[in-house]
Amino acid sequence: MNRYYYDLHIHSCLSPCADDDNTPNNLAGMGMLAGLGLMALTDHNSAKNCPAFFKAAEKVGIIPVAGMELETSEDVHVVCLFPTLEDALNFDEVVASRRLPIKNKPEVYGEQTIMDEDDNVIGSEELLLVVATTIPLDEVCGLCGEHNGVCYPAHVDRQSNGIISILGDIPPDLPFCCAELHDLSLADELSAKYPTLSRLMLLSSSDAHRLEDINDARHYIELTSSPDNPDAVRKELIERLKRGRV
């Protein structure tokens, strides 16, 4: 087995609430310094910086994963990860058609910058990304699965946009196999209080909006695929997350 230290929830400068310094190359560089092997870019309701991040991460020996932090119609944040960049960009097109037509005000919310592999600005997202989509929780797993991805509720131990704080629990009929905790030390306490959580595979990622918030090499997942075959690693990662707690 190969051990991969991961951070599967990171925001770039495309997310208006993230620092402008969170460029694709800066993110990859910080991940390298932190000793990470797997990093997922998960901007709010968009995957448009994933192509640049893929190239930046590959240059420093990190296996990139394309993703998104989707905001459902209930205001719940859900991490969506995909085995290929193409899958993520196809999912991005679907989500773009389900976003609310509210224009961003950069002076209020922040810039939403799209970059190339050299951190050159190649565009910006005009519609505000940090709002709910019209995709409900009971649809998101199926929609993500149609694009070969996996999804799970983000930062369930937080008040802001966490599924527990909004719904009071994790509904057992939702087909999630995983859940993300910001603070993994709360796993036993929360699992005792919310039984559905005890049946899920628990992950811990940073939700980094600043470079210094990216996780160091503390949380890992073991996979059979070799780091010499990034495509196989990504595919196995998604399949492993789909199995959940085993």
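Beta bridges per DSSP, both residues in region 2-243: antiparallel share near 60 percent. With a Förster radius of 35 Å applied to the beta-carbon distance between D228 and S160, the computed FRET efficiency rounds to 0.35. Take each peptide in 78-88, 62-72, count the other Cβ atoms within 10 Å of every residue, and average; sorted highest first, the result is 62-72, 78-88. Which whole-number percent gives the relative contact order of region 2-243, counting Cα pairs below 8 Å spaced six or more residues apart? Once normalised by length, the contact order is 25 percent. You can think of it this way: the chain between M32 and L174 has 47.6 nm of extra reach, that is 0.36 nm per residue less the Cα-Cα gap. With R₀ fixed at 22 Å, the C-beta to C-beta distance from E126 to R98 puts the FRET efficiency at about 0.85. Ordering of 101-114, 129-142 by packing is 129-142, 101-114, highest average first (other Cβ atoms within 10 Å, averaged per residue). Using a Förster distance of 25 angstrom, determine the FRET efficiency expected from the C-beta separation of E146 and K55, and round it to 0.05. For R0 = 25 Å, the calculated efficiency reads 0.40.
Using alpha carbons only, how many angstrom separate the centre of region 88-132 from the centre of region 15-36? Using only Cα atoms to place each centre, the spacing works out to 18 Å. Is it possible to state the helix-based mean residue ellipticity at 222 nm for the chain, with each DSSP H run of 4+ residues giving -39500 (n - 2.57), the sum divided by total residues, to the nearest 500 deg cm²/dmol? What is it? It comes out at -8500 deg cm²/dmol, rounded to the nearest 500. Please go through the residue pairs K193/K235; K59/K105; K48/K103; K48/K235; K55/K235 and name each one whose alpha carbons sit more than 25 Å apart in this structure. Violating the 25 Å limit, Cα to Cα: K193/K235; K59/K105.
Where a number appears in this text, it was derived from the coordinates with a stated rule and is not lab data. Note that the structure is predicted; figures quoted are calculated from it, not measured. Don't worry about glycine lacking a Cβ; one is built from the backbone with ideal geometry, like all the others, and counts go over all protein chains shown.
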